[in-house]
Amino acid sequence: MARGTQLRGLIVSAGVMLALVATAWFIYDYWRDHRFDEEITRAAKQHGLSPFLVKAVVWRESRFNTYARGSSGEVGLMQVMPTTAADWAKANRQGAFDPQTMALPAVGLDVGCWCLRRALDRWKSASDPVPYALAEYNAGRSNALRWAAGLPPRDPQRFRASITYPGTRAYVRTIEERYQHYKRRGRL
């Protein structure tokens, strides 16, 4: 009888520990996904962007890790290249700009939103400029132009299919899906 009681106690203890770990993971996951919501909203509004779109890009680029570094030198929440950050600094008369400050959420979001806004503006004649802008953000303007060449501007589906880099095609798809998820939810 004592052995059965011990086993039950062990099972209950294991269940409690499992529940505590699951709760801690849920709290951490929620905190990670929402800790930059105010900064995302501010930067998105400053650049005339949907906060849902910006958050979807941040989710895909860095999973909300300010210290994320890409294999090609991308930095910060929105994984902007130092050369692109230099373009932003020049356009915004920032003078001497240290690309490492891109790890600061406010700076990285400002620069990333500026880049995304610029890409969306370049594709504003498309019926849906988002996939074009996302492809440009990920693979560069010249690749996006090449993929769009000869296609009607009102056919984003054909544009998505014309993307020859599987990674960029997946990038565009996952961000658009996450963007729709945030929009359906109605909150960041």
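The values are calculated or read from the model by the stated rules, or taken from the named source; none is laboratory data. These numbers come from a predicted model, not from an experiment. Methodologically, a virtual Cβ is constructed for each residue, glycine included, from the backbone with ideal geometry; neighbour enumeration extends over all protein chains shown.
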- Pairs only if they're at least six apart or on different chains, beta carbon under 9 angstrom, first in region 118-133 and over 12 Å from H47 (Cβ atoms) and in contact (Cβ under 8 Å) with a residue 60 or more places away in the chain, second part of a helix (DSSP H, G or I) and hydrophobic (A, V, I, L, M, F, W, C); list them, first residue then second. V130/L53; V130/L120; V130/V172; V130/I175
- Can you name the residue in region 136-166 that is part of a helix (DSSP H, G or I) and among the aromatic types (F, W, Y) and is also nearest to I40 (Cα to Cα) among such residues? Y137
- Note on the structure: Among (1) at pLDDT 90 or above; (2) among the hydroxyl-bearing types (S, T, Y); (3) not assigned by TED's automatic domain parsing to the domain that holds A133, S50 falls short only on (3)
- Is there a residue being surrounded by fewer than 22 Cβ atoms within 10 Å (Cβ to Cβ), in a loop (DSSP other than H, G, I, E, B) and of a type outside the set (V, I, T) anywhere in region 167-185? no
- Task: For region 45-57, state whether one or more residues are of a type in the set (F, W, Y), part of a helix (DSSP H, G or I) and touching a residue at least 24 places away in the same chain (Cβ under 8 Å).
- Result: yes
- Of all the residues that make up region 58-93, how many are in contact with a Ser or Thr (Cβ under 6 Å, 6 or more places away or on another chain) and in contact (Cβ under 8 Å) with a residue 60 or more places away in the chain? 1
- Message: Looking only at residues that are in a loop (DSSP other than H, G, I, E, B), of a type in the set (S, T, N, Q) and within 21 Å of I40 (Cβ to Cβ) in region 69-93, which one is modelled with the lowest pLDDT?
- Response: N92
- Task: Can you confirm whether region 58-73 contains a residue that is over 24 Å from T174 (Cβ atoms) and polar (S, T, N, Q)?
- Result: no
- Query: Can you name the residue in region 94-104 that is of a type in the set (A, V, I, L, M) and in a helix (DSSP H, G or I) and, of all such residues, is nearest to A68 (Cα to Cα)?
  - Reply: A103
- Go through (1) modelled with pLDDT of 95 or more; (2) in a helix (DSSP H, G or I); (3) more than 14 Å from the chain's Cα centre (by Cα) and name the single condition G112 misses. (3)
- Do you know which of the residues in region 120-135 that are assigned to a helix (DSSP H, G or I) and hydrophobic (A, V, I, L, M, F, W, C) is nearest to P156 (Cα to Cα)? V130
- Message: So if I check each of A96, A103, which one is free of Cβ contacts under 8 Å to residues at least 40 places away in the same chain, in the same structural domain as A135 (by TED's automatic domain parsing), surrounded by 14 or more Cβ atoms within 10 Å (Cβ to Cβ) and among the small types (G, A, S)?
- Response: A103
- Item | Options A139, A86: the member that is crowded, with 20+ Cβ neighbours inside 10 Å and farther than 21 Å from S50 by Cα | A139
